[in-house]
Amino acid sequence: MATVLYITAHPHDHQTSYSMAVGKQFIESYREANPADEIVTLDLYNLDIPHIDADVFSGWGKLRSGTAYDELTAAEKAKVGRLNEIVEQYIAADKYVFVSPMWNFSFPPVLKAYIDAICIAGKTFKYTEQGPIGLLTDKKALHIQARGGIYSEGPAAAFESGHSYLAKIMQFHGVPSFEGLFVEGMAAMPDQAEAIKAKAIEQAKQLAARF
């Protein structure tokens, strides 16, 4: 049995969002193909994700110097403890499905906050004399993203900064398998929007069968 983190970074649901509609189809098809697997949904818009701030840096610094966790301030304990819960949940999972829209060539800030929470030295990567090495070498990941324009190819491809960034993070963590499923061109070709979504939904079904 595998554990799947279904991580959504969209303020809207599947009835309004293209990415969420395709994500919903993917996870439903995945569940049908893998009934024994555990699927954990993380709605990042309704998740407590502490930002890396002065309290976090202070708390981490104290712990590294030998201070006991119970001796941290209340704010330090709350934020550092919560960040540890997030990264431990991430490490314990076997597969990751990220669902997001493209906003300003990237993705919503809640996803960046989550990424900051899971990039922890000694947990998801480690420093060596040869440079950082990822520690999650037995995982796989998928990113489902909706884009109003065409960014997978053509002149706008160079502006795409969300999926490519997430790919770097997965590589940084040592994740050997990372794929992308894109729903794109709906704003550029509104008359084809439903057909574009339908095609992506069919791709999601096929991908779920082998993920």
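The values are calculated or read from the model by the stated rules, or taken from the named source; none is laboratory data. Here the structure is a predicted model, which is why all the values come from computation and not from measurement. Here the Cβ positions follow ideal geometry from the backbone for every residue, glycine too, while neighbour counts run over all protein chains shown. Surface areas here come from the heavy atoms of the whole protein model, side chains and all, with no ligands, DNA or RNA. Shrake-Rupley method; radii C 1.70, N 1.55, O 1.52, S 1.80 Å.
Summary of computed values
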| read-out | value |
| --- | --- |
| Criterion: surrounded by 18 or more Cβ atoms within 10 Å (Cβ to Cβ) and either charged (D, E, K, R) or touching a residue at least 40 places away in the same chain (Cβ under 8 Å) (or both) - qualifying residue of A204, A209, A188 | A204 |
| Identity of the residue in segment 87-122, farther than 13 Å from L47 by Cβ and among the polar types (S, T, N, Q), that ends up farthest from the chain's Cα centre (by Cα) | N104 |
| Matching strands (runs of 3 or more DSSP E) fully within segment 131-185 where at least 2 residues are in contact (Cβ under 8 Å) with a residue 24 or more places away in the chain and open to solvent by 30 Å² or more (accessible area, probe 1.4 Å) | 131-134, 177-184 |
| Any chance A193 is at pLDDT 95 or above and either in a helix (DSSP H, G or I) or loosely packed, with under 13 Cβ neighbours inside 10 Å (or both) | no |
| Whichever residue in segment 121-130 is assigned to a strand (DSSP E or B), without any contact (Cβ under 8 Å) to a residue 40 or more places away in the chain and not aliphatic (A, V, I, L, M) and, among such residues, is most open to solvent (accessible area, probe 1.4 Å) | Y127 |
| Subset of segment 33-72 (residues that are within 16 Å of Y6 (Cβ to Cβ), of a type in the set (D, E, K, R) and in contact with a helix residue (DSSP H, G or I) (Cβ under 8 Å, 6 or more places away or on another chain)) | D37 |
| Members of segment 181-211 found to be touching a strand residue (DSSP E or B) at 6+ places or on another chain (Cβ under 8 Å) and within 15 Å of K95 (Cβ to Cβ), listed by number | L181, A204, L207, F211 |
| Test: V80 is under 24 Å from P108 (Cβ atoms) and not aromatic (F, W, Y) | no |
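One line per residue, one yes/no per condition, for (1) under 20 Å from H12 (Cα atoms); (2) of a type in the set (K, R); (3) at pLDDT 95 or above; (4) out of contact with any Leu (no Cβ under 7 Å at 6 or more places or on another chain):
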residue: L44; (1), (2), (3), (4): yes, no, yes, no
residue: A68; (1), (2), (3), (4): no, no, yes, yes
residue: L83; (1), (2), (3), (4): no, no, yes, yes
residue: V110; (1), (2), (3), (4): yes, no, yes, no
residue: I115; (1), (2), (3), (4): no, no, yes, yes
residue: G131; (1), (2), (3), (4): no, no, no, yes
